[in-house]
Structure formats: C-alpha cells, structure tokens
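Everything below concerns the one structure shown next.
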Amino acid sequence: MRGLPGARRIAGLLAAVTGQDVRLTTVAGVHRLTLAAPDDPLLQGALLPILGATARWGHSSRAGLWCEVDDRP
C-alpha cells in the first residue's frame, strides 16, 4: 500500500480510530500524515503498529503522531 492512495487510506483509518482530523501533505513524492496525539496513552501505543506497518516511517510523541508514505513500489 504505497503512494497517494495508500496515504489516503491510512489517513482515513487513523481518523476513524482517533476521531481526529488527519493532515496529509505531499513533498517530493513523500506523503506525510500528521495528527494530534490522542489523550489516551493506550490508544497512542495501539496506533504505533499501524504507523510502522503501513508507512515508511512512523513516530509518536506527546506532541503528535506522524508517518510518511512514499511512492516507491
């Protein structure tokens, strides 16, 4: 699941799970999704496998969550 369709799919999944808006930006073939960190630390921990399994990079902190999806096959 790569590229813009994959990034949109991940954004929809994250929005549905967290109930928050997910921002999708694209720069040089890399699609970055960002959202505020959930208040519940258990939910935040549960999202890490989603970020890591579906994206090139994933990160979680109190400041927020983000992941990047590139256009490589």
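The values are calculated or read from the model by the stated rules, or taken from the named source; none is laboratory data. All values derive from a computational prediction rather than experimental measurement. Positions of Cβ are backbone-derived with ideal geometry, glycine not excepted, and every protein chain shown enters the neighbour counts.
Among the listed residues 36, 46, which satisfies the condition of being at pLDDT 80 or above, among the small types (Gly, Ala, Ser) and out of contact with any Phe, Trp or Tyr (no Cβ under 9 Å at 6 or more places or on another chain)?
36
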All positions within the stretch 14-47 that are touching a residue at least 40 places away in the same chain (Cβ under 8 Å), more than 13 Å from residue 67 (Cα to Cα) and surrounded by 15 or more Cβ atoms within 10 Å (Cβ to Cβ): none
Among residues of the stretch 49-73, those that are among the hydrophobic types (A, V, I, L, M, F, W, C), surrounded by fewer than 16 Cβ atoms within 10 Å (Cβ to Cβ) and either in a strand (DSSP E or B) or at pLDDT 65 or above (or both), counted: 2
Residue count, the stretch 3-13 (criterion: within 20 Å of residue 42 (Cβ to Cβ) and surrounded by fewer than 14 Cβ atoms within 10 Å (Cβ to Cβ)): 0
